[in-house]
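Colleague: Below is one structure. I have some questions about it.
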Amino acid sequence: MIKRRSMLLRAMALGVSVPLGGCNYEDPEHPDLADKFLHAMSAWNDRVQAALFDPHTLAPTFKPDQITRPPRFNAFYSIDQAPVVDEATYRLELGGQIQDKTPWKLTQLRVLPQESQITRFVCVEGWRVIGQWSGVPLRDFLRRVGADTRCKYVSFKCADGYYSSIDMPSALHPQTILALDFLGQPLTPPFGAPVRLRIPTKLGFKNPKSIVQLAVTNIYPGGYWADQGYNWFSGS
Ligand SMILES: Nc1nc2c(c(=O)[nH]1)N[C@H]1C(S)=C(S)[C@@H](COP(=O)(O)O)O[C@H]1N2
Ligand SMILES: [Mo]
């Protein structure tokens, strides 16, 4: 027990992130003590990552010939089960600390100034791809709707029940966009149609697809994978 604890403390002091997903670390005498400790460590890790985050540091960008073809799909289900959202009736619902919560139609999002980026997408499973996404910079959108950007979190709910949230400094990062297009074409259902978050400073699971609701809040919203033990901040 003592050995184990000192090992964890050393890892903590070194800032080593212990992978939590799929790790059944059990102590027969204190069944959930180790679990609590690891979660406390992940929360501590979130704070360190947030402190190290530089809002002016850009994620690397790439040239068109470096784009990975075909792109790679991932979700908590297989590609044929991806939700299909009716684009005609689609509305992006707004919630929380936002002045104007009028829902947004797709056509309204499309006439806002768009930004395009060729960036790398990194999944926690160990693969990475390069793609081109374009859409509305999230910080422009948040300002337009009168979001209280002093709040801590921006949360997202998706058409498939997936959910995610990010810290406000990362939401205001210049490369964080509400993506509508991939390779200059509207997103397809498995890849997040009609609107997805593209945030190249964070891991793949922090890029929710087929977003139906966006909210601004000070109450920690968690996320589909973060609630299962994956590190919430998961970014640089
Ligand atoms: N709505 C929704 N968004 C999601 C997921 C999901 O299951 N549902 N999976 C996440 C994970 S783990 C990854 S790696 C990326 C995959 O995005 P891609 O299919 O465009 O590669 O989407 C993220 N966003
Ligand atoms: Mo992922």
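Colleague: Somewhere in segment 107-124, is a residue surrounded by fewer than 16 Cβ atoms within 10 Å (Cβ to Cβ), within 16 Å of ligand 2 (Cβ to nearest atom) and in the same structural domain as Phe73 (by TED's automatic domain parsing)?
Modeller: Yes - at least one qualifying residue is present in segment 107-124.
Colleague: Assuming Asp35 fulfils every condition listed in (1) modelled with pLDDT under 85; (2) outside any helix (DSSP H, G or I); (3) of a type in the set (Asp, Glu) apart from one, which condition is it?
Modeller: Evaluating Asp35 over (1) modelled with pLDDT under 85; (2) outside any helix (DSSP H, G or I); (3) of a type in the set (Asp, Glu) leaves (2) as the failure.
Colleague: Right, something else. So which pairs qualify, if the first residue must be in segment 71-87 and closer than 15 Å to Leu106 by Cβ and within 11 Å of ligand 1 (Cβ to nearest atom), the second must be outside any loop (DSSP other than H, G, I, E, B) and among the hydrophobic types (A, V, I, L, M, F, W, C), the Cβ gap must be under 8 Å, and the two must be at least 6 apart or on different chains?
Modeller: Filtered contacts from segment 71-87: Val85/Val212.
Colleague: Of the numbered conditions (1) closer than 30 Å to Thr188 by Cβ; (2) more than 16 Å from ligand 1 (Cβ to nearest atom); (3) among the aliphatic types (A, V, I, L, M), Val124 satisfies every one except a single condition; which is it?
Modeller: All conditions pass for Val124, except number (2).
Colleague: In addition: Which members of segment 88-118 meet the condition of being in a loop (DSSP other than H, G, I, E, B) and within 16 Å of ligand 1 (Cβ to nearest atom)?
Modeller: Within segment 88-118, Tyr90 is the sole residue that qualifies.
Colleague: I need the full set of residues from segment 162-179 which are over 20 Å from Gln97 (Cβ atoms) and crowded, with 23+ Cβ neighbours inside 10 Å, in order please.
Modeller: Within segment 162-179, Ile177, Ala179 qualify.
Colleague: Please go through segment 193-233 and pick out each residue that is within 13 Å of ligand 2 (Cβ to nearest atom), among the small types (Gly, Ala, Ser) and more than 15 Å from Arg120 (Cα to Cα).
Modeller: Matches in segment 193-233: Gly223, Ala226.
Colleague: Additional query: Across segment 146-176, what is the number of residues that are within 14 Å of ligand 1 (Cβ to nearest atom) and touching a strand residue (DSSP E or B) at 6+ places or on another chain (Cβ under 9 Å)?
Modeller: Summing the residues that are within 14 Å of ligand 1 (Cβ to nearest atom) and touching a strand residue (DSSP E or B) at 6+ places or on another chain (Cβ under 9 Å) in segment 146-176 gives 10.
Colleague: To continue, here is another question. Do we have any residue at all in segment 53-68 that's acidic (Asp, Glu) and in a loop (DSSP other than H, G, I, E, B)?
Modeller: yes
The values are calculated or read from the model by the stated rules, or taken from the named source; none is laboratory data. Given the structure is predicted, the values throughout are model-derived calculations rather than measurements. Backbone-built Cβ (ideal geometry, glycine too); neighbour counts: all protein chains shown.
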